[in-house]
Amino acid sequence: MLRVVKAGLQTSIQDAGRPGWMRYGIARGGVADPVAMMLANKLLGNPPAHPCLEIALTGPDIEFECDLSIAVCGARFAMKLNGQEVENDSVIQVKKGDQLGFGPLQSGARAYLALAADMQITSVFGSQSTHLQTGFGGLHGRALKAGDEIQLCNNHQSRGSRLPDKYRLRYTGRPQLRVIAGAEASYLSQSTRAEFYRTTFEVTPQSNRMGIRLKGAVLDTSTLPQMTSSGLRPGTIQVPPGGQPIIAFVEGQTIGGYPRLAHVIEADQHILGQLKARDRANFELIELEDAHRIQREKLNRLQSLQQTQP
Amino acid sequence: MSKSFSLQLNGDSAVDIRFDEDPSEPLSKIIIGLQRSFESAIADNQWPEIRELIPAYQCLTLCYDPLLLTSADGVSTAKLRPSLSFMEKLRGFVQQKLSTKNLTDLAIQIRTPELVQIPVCYENEYATDLDDVCAHTGLSREKVIALHSAPKYLVYMLGFSPGFLYLGGLHQKIHCPRKQHPTLRVAAGSVGIGGAQTGIYPQATPGGWQIIGRTPLTLFNPLREYPFVAHPLDRIQFVPITASEFTALKRENTNHLLAVTTRKK
């Protein structure tokens, strides 16, 4: 069992989410950064999408009531186990009674705490992910609170292991996100489109798992037609009448009515999970075939890690 | 009859199959019929790359796995021009389905649309913006309620949030603009009008619609066998109830975790 001593800002149980339910208004949800989740699980020999804790911006203090191995990947916090510094990207052996504290955030936005154990959490629509917006899944459909206890079973120790240096995730807070053109982009003037790709946008504090709200050049939306609501995929960059783009994210609404300027490619969407207020992002327009090629390349890189790991 | 459509990229892992005409029940029957055709083919392993389908007013969004694309001859085209072959296969399939005579029947054959009656209390504490709607429309409360509860609204699709129904058929006389400043928290079950649309907020969220009533029903319950209260192409009718009926139904729902809906053919 693990006990939440201090909850942190938004600590929640997540896995790869529940795809396949968008036609009912249920977003896929799950981890905002699937790459970090996969790497943490890989270190422990877990299936890549084994349920873990997503830890955002301010981390928790957690007490473990059993022996097990854990691993943390993604955002870097000043982590301490029983007051001793521990690091991301390697297996940490935990003994019953040990306490893990997350300390101040150093880079990125979300860390993933993977466990060599199963959390005894009921699946909803095939997933243990917490749908924070609606309040179902995970532990009582909400972020963890001080005093919460998560029952664990099949806890075990896995062999010590660390990620090779080139797989250790680093975040600049200034990503360049690759996009393909959106359906309504051609309605914008040439100069407005150019302005979008020239602009460095700032991530606002109103950003969350539903959407990432950007601040920057106010785009001229006067030439855009009224759009009829249709399926809204994560990564879609919409431009509402105010002219400030919003990137739909993992718990975003499933049907949207704002014009679509561009879409962050699926292979780069994990970067969105590491954005926090005051980070800055640029966008680069690429073709569909390139987007698919990039996705294949990233997957190959992740899979070749699995081959070198024991 | 062969309907024209276009394919439009919706990101790098989805395509919209779009119809260039106004939303209507016949169009929705085609869209849902097309959705059913894909589902049937998917069950037959004909489309391993498809992840899910999202119907909407004028299009069907088809979400796919870019790393599983196949072409019409079934060969994985990862090395060639995969997206082009996939689009061709998609176009061919849609064209073929649209030219079959019974596509619109397919939607209702698989599931006969139902009439779902939703109890709504339009009384004071549940109808926080009804007076504003009356002021805007120049109609009395009774008239607004009568116009709102008369139609059998068509369910075009579900979406936005779990259990939210996109309805068509709001009477023009009670169209009313959204609020300039959305309410921070609209109660779950609130029934509202936003522009030419009407609907129900399944969960408590911020909301910009004018709230004219509330239903005691739970619109989304993950524990129910069918977690929602309606399917696309169903019809919804709002049935006015009193505040004490509301309280009674609300209590009943809390005990049984079931939606109380009266379904009539």
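To one decimal place, what orientation-averaged projected area in nm² is obtained for the convex hull of the Cα set of chain A? Mind showing how you got there, number by number?
Values: hull surface 60.9 nm².
Mean orientational projected area (chain A, Cα hull): 15.2 nm².
Between exposed trypsin sites (Lys or Arg not before Pro) in chain A, where DSSP calls loop and at most 14 other Cβ atoms lie within 10 Å, what's the longest gap?
Working: sites that count: A:Lys95, A:Lys96, A:Lys145, A:Arg159, A:Arg170, A:Arg278.
My reading of the result: A:171-277 is the longest stretch.
Averaging over every viewing direction, what projected area does the convex hull of the Cα atoms of segment A:6-126 cover, in nm²?
On the way: hull surface 29.3 nm².
For segment A:6-126, the mean projected area of the Cα convex hull comes to 7.3 nm².
What is the set of long-range amide H partners of A:Phe77 at a cut-off below 5 Å, with H atoms built 1.01 Å from backbone N?
Amide H neighbours of A:Phe77: A:Gln106.
Pairs B:Lys29/B:Lys250; A:Lys145/A:Lys276; B:Lys29/B:Lys143; A:Lys6/A:Lys96; A:Lys80/A:Lys276: which exceed 27 Å Cα-Cα?
B:Lys29/B:Lys250; B:Lys29/B:Lys143
Along the principal axes of its C-alpha atoms, what lengths does chain B span, in descending order and rounded to whole Å?
64, 40, 36
Toward the positive end of the charge dipole of chain A, about the Cα centre and with charges on Cβ (Lys, Arg +1; Asp, Glu -1), which of A:Gln14, A:Ser207, A:Leu68 goes farthest?
Result: A:Ser207.
Looking at segment B:97-232 from every direction and averaging, what is the projected area of its Cα convex hull in nm²? Could the numbers behind the result be given before it?
Values: hull surface 38.5 nm².
In nm², the orientation-averaged hull projection of segment B:97-232 is 9.6.
Membrane-span-like helices in chain B: DSSP H runs reaching 27 Å or more (Cα, own axis), mean Kyte hydropathy at least -0.5? The partial results should precede the final answer.
Details: long enough: none.
Once both thresholds are applied, nothing remains.
Would you be so kind as to identify all helices of chain A, as entire DSSP H runs, whose Cα atoms reach 30 Å or more along the helix's own axis and whose mean Kyte-Doolittle hydropathy is at least 1.0?
Numbers: long enough: A:288-308 (31 Å, -1.36).
Helices passing the filter in chain A: none found.
Can you give the helix-only mean residue ellipticity at 222 nm for chain A, where every DSSP H stretch with n ≥ 4 adds -39500 (n - 2.57) and the sum goes over all residues, rounded to the nearest 500 deg cm²/dmol? Present the calculation step by step, with values, prior to reporting the outcome.
On the way: 4 runs with 44 residues, N = 310.
Result for chain A: -4500 deg cm²/dmol, rounded to the nearest 500.
Report the Rg/Rh value for segment A:75-118, based on alpha-carbon coordinates and the Kirkwood definition of Rh. The partial results should precede the final answer.
On the way: Rg = 10.7 Å, Rh = 11.2 Å.
Rg divided by Rh gives 0.95.
I want to verify a result. In a Gaussian network model of chain B, Cα cutoff 10 Å, which of these has the top mean-square fluctuation: B:Gly92, B:Gly208, B:Gly159?
Highest fluctuation of the listed residues: B:Gly92.
Could you work out the equivalent-ellipsoid semi-axes for the protein assembly as shown, taking the square root of 5 times each eigenvalue of the Cα gyration tensor, largest first, in whole Å? Kindly include the intermediate steps, with their values, before the conclusion.
Details: eigenvalues 317, 182, 112 Å².
Each semi-axis is √(5λ); the values are 40, 30, 24 Å.
Any chance you could look up the accessible area of B:Thr205 with a 1.4 Å probe, heavy atoms only, rounded to 10 Å²?
Approximately 30 Å² of B:Thr205 is accessible to the 1.4 Å probe.
Enumerate the whole-percent occupancy of each 10 Å bin, from 0 to the last occupied one, for all C-alpha pair distances of segment A:147-292.
Histogram of Cα-Cα distances, whole percents per bin: 10, 37, 29, 12, 8, 3.
The values are calculated or read from the model by the stated rules, or taken from the named source; none is laboratory data. Since we're looking at a predicted model, the values are computed, not measured. Because the Cβ atoms are built from the backbone with ideal geometry, glycine has one as well, and the counts that use them run over all protein chains shown. When the accessible area is computed, the model is the full protein with side chains, heavy atoms only, and any ligands, DNA or RNA have been set aside. Shrake-Rupley method; radii C 1.70, N 1.55, O 1.52, S 1.80 Å.
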